[in-house]
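The values are calculated or read from the model by the stated rules, or taken from the named source; none is laboratory data. Values in this document were obtained by computation on a predicted structure and should not be read as measured data. Note that we place each Cβ from the backbone using ideal geometry, even for glycine, and neighbour counts take in every protein chain shown.
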Amino acid sequence: MNDSLFQDAKQQLNDAAKYVSISDDTIERLKEPKSRLIVSIPVRMDNGELKVFKGYRVRYDDTRGPTKGGIRFHPNVSIDEVDSLAFWMTFKCAVLKLPFGGAKGGITVDPKKLTRFELDRLSRGYINAIADFIGPDVDIPAPDMYTNPMIMGWMMDQYSIIQRKIVPAVITGKPVSMGGSLGRKTATAMGVFFVMQSLIPKFTKSGKKITVAIQGFGNVGSNLADLLYQAGYQVMAVSDETGGIYSAMGLDIPYIKGFKESTRDLKEVYAKGSVRELMGYEHISNDDLLKLDVDVLVPAALENQITCENAADIRAKVIVEAANGPITREAEKVLEQRGIPVVPDILANAGGVTVSYFEWVQNRMGHYWSEEKIHGLLKEKMTEETRMMWDIATSKNIPMRTAAYVHALNRIEQAVNARGTKVYYTGVDKKGEDV
Ligand code: GLU
């Protein structure tokens with residue numbers, strides 16, 4: 001993993017700070033995470049061996065409320081990555097006006113190599129290690145890459161065993177039968193979809209089908225492809241870790257999604273098949289996919305996919321970041337010079353944490369809403385915050401990412417100021433003048 005991911009992430013904050021009158025107190029607070037926990041998780045493997053895995057939980061900032069963010073299981077998980085993801089969660093929650101700060105967690109592991117029993121023990125071992133660090137009013141984890149409702153269920157169960165009471169609100173993204181929310185599984189994709197419905201018409205010609213390429217066919221990529229297909233967009237290419245498929249006529253997404261799901265045994269945690277096994281479509285690499293001549297490019301996989309190596313070859317009219325941090329800072333400069341707008345991750349993929357918030361509220365009320373109600377609330381929130389971000393971007397003539405940070409910073413600043421600032425305590429402003 002790139003060592004400078006976190007440094008890069010923090011630069012996005014500096015870019016935005018130029019456009020908003022923000023106190024030194026706020027900038028100072030946001031420079032480093034509130035706390036970092038690094039743990040060793042011993043797991044008895046099925047062959048009797050003991051393996052020790054490295055786990056992390058970073059709570060970035062809790063000025064606006066308990067911290068919130070997912071748990072990633074991936075071989076590339078590092079403290080640098082978790083710091084960055086926790087930083088982005090802080091702004092994501094503020095952009096969506098959720099009463100949360102940001103956090104993130106992860107384990108350095110290739111979960112596809114573990115058996116079901118090993119995965120269960122690892123998930124519970126992680127909670128044993130971080131139980132004192134989380135809680136419904138402190139820090140609330142959720143799924144992220146390669147973690148899913150079943151894993152969240154094991155984790156909630158383990159936390160409840162430790163606490164000797166059922167604590168559903170400690171984790172979101174649980175199975176519905178264990179207090180999960182309807183609509184959570186597809187929430188991130190649906191959020192991206194609502195943001196696209198609001199913004200894409202501003203960048204494309206009306207009257208013709210909008211073409212899209214999606215990198216990544218996991219929970220977000222596959223559900224988004226489906227929503228776009230149903231809404232009449234033409235999805236030209238999709239990909240997974242093994243590569244991509246393309247059709248000049250547009251792909252039959254329900255067929256591809258159905259195939260991918262059919263390779264997942266019902267009791268299995270991960271799908272085994274690849275979109276590449278489907279006959280009749282042209283094979284392309286993940287890098288080719290990024291360079292396709294489409295209206296909208298949606299990176300929905302890992303960080304650092306669009307770099308200075310390929311940014312000059314991107315042909316899409318607009319990029320929508322369904323993944324967290326898919327564009328490096330250097331690449332973003334190239335895209336900006338080339339006039340390719342980017343709808344930023346902290347807005348575009350915030351639908352997941354938004355429905356996580358609805359799940360947390362339902363857990364605390366002990367009353368559960370219909371899927372229709374969840375979709376309605378999600379649409380309202382995503383559309384409203386997208387509109388506010390767009391107004392900032394157009395009125396200040398700044399990129400959408402900077403506008404989203406400005407929007408979030410204003411809200412974080414209010415919460416910092418509410419506790420008292422240097423000006424409040426000393427009566428002297430930034431320039432040293434009495435106020
Ligand atoms: N992992 C998701 C994200 O990056 C969801 C986090 C949550 O629901 O708390 O936004």
| request: Give the residue that is surrounded by the most Cβ atoms within 10 Å (Cβ to Cβ), with candidates limited to residues of the stretch 200-226 that are of a type in the set (A, V, I, L, M, F, W, C) and part of a loop (DSSP other than H, G, I, E, B). | output: Phe217
| message | Suppose we filter Thr383, Thr394 for residues that are more than 16 Å from the ligand (Cβ to nearest atom), among the hydroxyl-bearing types (Ser, Thr, Tyr), more than 21 Å from Gly183 (Cβ to Cβ) and surrounded by fewer than 24 Cβ atoms within 10 Å (Cβ to Cβ); which single one remains? | response | Thr394
| field | Near pairs, Cβ below 7 angstrom, 6+ apart or cross-chain, from the stretch 51-77 (under 19 Å from Ala415 (Cα atoms)) to any residue that is of a type in the set (S, T, N, Q) and more than 13 Å from the ligand (Cβ to nearest atom) | value | Arg59/Ser35
| said: As an exercise: evaluate Lys97 against (1) among the basic types (Lys, Arg); (2) closer than 16 Å to Ser35 by Cβ; (3) part of a loop (DSSP other than H, G, I, E, B) and give the number of the one condition it does not meet. | reply: (2)
| query | Can you name every residue in the stretch 163-188 that is surrounded by fewer than 24 Cβ atoms within 10 Å (Cβ to Cβ), at pLDDT 95 or above and not polar (S, T, N, Q)? | reply | Arg164, Lys165, Ile166, Val167, Pro168, Ala169, Pro175, Val176, Met178, Gly179, Leu182, Gly183
| field | Every residue from the stretch 289-329 that is farther than 22 Å from Val195 by Cα, part of a loop (DSSP other than H, G, I, E, B) and of a type in the set (D, E, K, R) | value | Lys291, Glu309
| task | Report the residue count in the stretch 158-190 for those that are out of contact with any Leu (no Cβ under 8 Å at 6 or more places or on another chain), more than 13 Å from the ligand (Cβ to nearest atom) and part of a helix (DSSP H, G or I). | result | 9
| remark: Subset of the stretch 122-179, residues closer than 19 Å to Val109 by Cα and charged (D, E, K, R), comes to Arg124, Asp144
| field | Only one of Ala311, Ala331 that is farther than 28 Å from Asn410 by Cα and at pLDDT 95 or above | value | Ala311
| said: Name the residue that is farthest from Glu321 (Cα to Cα), counting only residues in the stretch 199-210 that are more than 25 Å from the chain's Cα centre (by Cα) and without any contact (Cβ under 8 Å) to a residue 24 or more places away in the chain. | reply: Gly207
| field | Residue among Met196, Met155, Met145 that alone is part of a helix (DSSP H, G or I), within 15 Å of the ligand (Cβ to nearest atom), touching a residue at least 24 places away in the same chain (Cβ under 8 Å) and in contact with a strand residue (DSSP E or B) (Cβ under 9 Å, 6 or more places away or on another chain) | value | Met155
| remark: Residues in the stretch 344-388 that are in contact with a strand residue (DSSP E or B) (Cβ under 8 Å, 6 or more places away or on another chain) and small (Gly, Ala, Ser) total 3
| request: Please work out which one of (1) part of a helix (DSSP H, G or I); (2) within 27 Å of Gly250 (Cβ to Cβ); (3) away from the ligand (no atom under 16 Å from the Cβ) is the condition Gly339 fails and give its number. | output: (1)
| Per-region count, the stretch 52-83, residues surrounded by fewer than 24 Cβ atoms within 10 Å (Cβ to Cβ), away from the ligand (no atom under 13 Å from the Cβ) and either assigned to a strand (DSSP E or B) or of a type outside the set (S, T, N, Q) (or both) | 9
| Quick one: which of Phe117, Phe133 is in contact (Cβ under 8 Å) with a residue 60 or more places away in the chain, more than 24 Å from the chain's Cα centre (by Cα) and more than 15 Å from the ligand (Cβ to nearest atom)? | Phe117
